[in-house]
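The values are calculated or read from the model by the stated rules, or taken from the named source; none is laboratory data. Bear in mind the structure is a predicted one, so any value in this text is a computation, not a measurement. A quick note on method: Cβ atoms are made from the backbone with ideal geometry, for glycine too, and the neighbour counts reach across all protein chains shown. We work out accessible area using only protein heavy atoms, side chains counted, and drop any ligands, DNA or RNA first. Shrake-Rupley method; radii C 1.70, N 1.55, O 1.52, S 1.80 Å.
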Amino acid sequence: MVKLSLQEMPIGTVAIAESGGWITNLYFQQDTLPHDAERCETALIREAFRQLHGYLQGELHEFTLPFAPAGTPFMQRVWDMLFNIPYGATASYKEVAIAIGNPRAVRAVGMANQRNPLPLFIPCHRVVGSDGSLTGYRGGVALKQALLELERSTLAHLPQ
């Protein structure tokens, strides 16, 4: 049974879903929520919101949650690669395609990013166009830009 809880965050209302002790989805305000999910807040969902809040405050740079995003084996490879993009850095769709061993799969990498069920947790916002341009993001390009700026400004204020 999927459990789901909503919380108001600095970026708007966010919902987090859990199933079987794994975080499976993050929904933005404009996303359609599954109507068959049980609305409740588990200890794991509470921890996911705590970590997400820490990230949005610039205090947390890496999530330590059990994730189980549903997707094809190709999507899983892309999402696994996204965890390797350091906080505050970006990679192009082409660089991601090369890193997963399929340099011609640039469009497919973009599609995997678009279908990422755990945006923010799986940092698809760190993937940009080859020229550094900010391309689409499920939460909106303005949110993508804000997340990248948050990460860069946090790193700029860390003691050397």
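Got a sec? What order do 8, 151, 95 fall in by accessible area at 1.4 Å, biggest, i.e. largest, first? Let's see the in-between values first.
Details: 8 125, 151 0, 95 100 Å².
From most exposed to least exposed: 8, 95, 151.
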Self-check item: Leading residue at positive end of dipole, the chain (Cβ point charges), from 110, 84, 146
Solution: 110
Quiz item: Roughly to the nearest percent, how much of the accessible area of the range 16-72 is carbon and sulfur, given a 1.4 Å probe?
Solution: 50 percent
Exercise. Note down the net charge around residue 61, summing +1 for each Lys or Arg and -1 for each Asp or Glu among other residues with Cβ under 13 Å from its Cβ.
Key: -1
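Among DSSP beta bridges whose residues both lie in the chain, state the antiparallel percentage, nearest 5. Intermediate results must be reported in sequence, preceding the final value.
Values: 12 of 18 bridges.
Here the share of antiparallel DSSP bridges comes out near 65 percent.
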Quiz item: Given the convex hull over the Cα atoms of the chain, what projected area results after averaging over all orientations, in nm²?
Solution: 9.6 nm²
Quiz item: 222 nm [θ] for the chain, helices only, -39500 (n - 2.57) per DSSP H run of 4+, per residue, to 500?
Solution: -10500 deg cm²/dmol
Practice problem: Could you give the size of the charge dipole of the chain about its Cα centre, using +1 on the Cβ of each K and R and -1 on the Cβ of each D and E, expressed in debye and rounded to the nearest 20? | Solution: 460 debye
